[in-house]
Amino acid sequence: MRGKIIKGIGKGKGLGYPTVNIEIPVDFKYGFGVYSANVLIGDEKYLGAFFYGERSIFGIEKPSLEVYLIDFKGEINESEIEFETFNKVRDVRKFDSAEELKKAIFSDVEIIKNNKNE
């Protein structure tokens with residue numbers, strides 16, 4: 001699946017998990033949740049933690065599609081990315097604080113790194 005990269009609001013970066021925000025493709029068929037993914041940017045493939053859902057902790061009800069690229073360093077100069085989602089890691093949850101969300105993201109990333117889309 002391909003998606004157009006769009007500008008985000010920087011909340012992931014503020015938590016230490018910068019994400020690539022993606023315009024939700026018309027043919028996107030996944031339910032809200034966190035998924036493991038392989039992401040292709042240019043000629044490079046990365047393991048990613050994919051989020052699709054509302055960001056209620058930040059008061060944002062509009063669904064967002066974004067991916068944290070595990071072990072990625074640098075800037076993205078592409079206008080589109082290609083991605084393939086795999087296992088659902090967890091459902092979207094409401095968090096009482098940014099610190100709780102940060103701990104959940106850390107756990108999600110560890111699960112994804114340990115399973116590596118198997």
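The values are calculated or read from the model by the stated rules, or taken from the named source; none is laboratory data. Computed from a predicted model, the values in this text were never measured in an experiment. Every residue, glycine among them, receives a Cβ derived from its backbone with ideal geometry; neighbour counts consider all protein chains shown.
Scan region 1-27 for residues that are over 18 Å from Ser79 (Cα atoms), surrounded by fewer than 15 Cβ atoms within 10 Å (Cβ to Cβ) and either at pLDDT 90 or above or not charged (D, E, K, R) (or both) and report the count.
Looking only at region 1-27, we keep the residues that are over 18 Å from Ser79 (Cα atoms), and these are 11-17, 27.
Pick out the ones that are also surrounded by fewer than 15 Cβ atoms within 10 Å (Cβ to Cβ) and you get 13-14, 16, 27.
Add one more test, that the residue is either at pLDDT 90 or above or not charged (D, E, K, R) (or both), and what stays is 14, 16.
Residues meeting the conditions: 2.
If you go through region 18-34, how many residues are in contact with a Gly (Cβ under 9 Å, 6 or more places away or on another chain), among the hydroxyl-bearing types (Ser, Thr, Tyr) and more than 12 Å from Ser64 (Cβ to Cβ)? Break it down into steps so the answer makes sense when it comes.
The initial filter retains those residues of region 18-34 that are in contact with a Gly (Cβ under 9 Å, 6 or more places away or on another chain), namely 18-25, 28, 31-34.
Filter once more, keeping what is among the hydroxyl-bearing types (Ser, Thr, Tyr): 19.
With the extra rule that they be more than 12 Å from Ser64 (Cβ to Cβ), the set shrinks to none.
Residues meeting the conditions: 0.
Against the conditions (1) closer than 18 Å to Gly8 by Cα; (2) in a strand (DSSP E or B); (3) touching a residue at least 40 places away in the same chain (Cβ under 8 Å), where does Lys102 fall short? Just the number, please.
(2)
Quick one: in region 8-27, of everything that is aliphatic (A, V, I, L, M) and in contact with a Lys or Arg (Cβ under 8 Å, 6 or more places away or on another chain), which residue is nearest to Phe50 (Cα to Cα)?
Taking region 8-27 and keeping what is aliphatic (A, V, I, L, M), we get 9, 15, 20, 22, 24, 26.
Now narrow it down to the ones that are in contact with a Lys or Arg (Cβ under 8 Å, 6 or more places away or on another chain): 15, 22.
On the way: Leu15: 16, Ile22: 10 Å.
The residue in question is Ile22.
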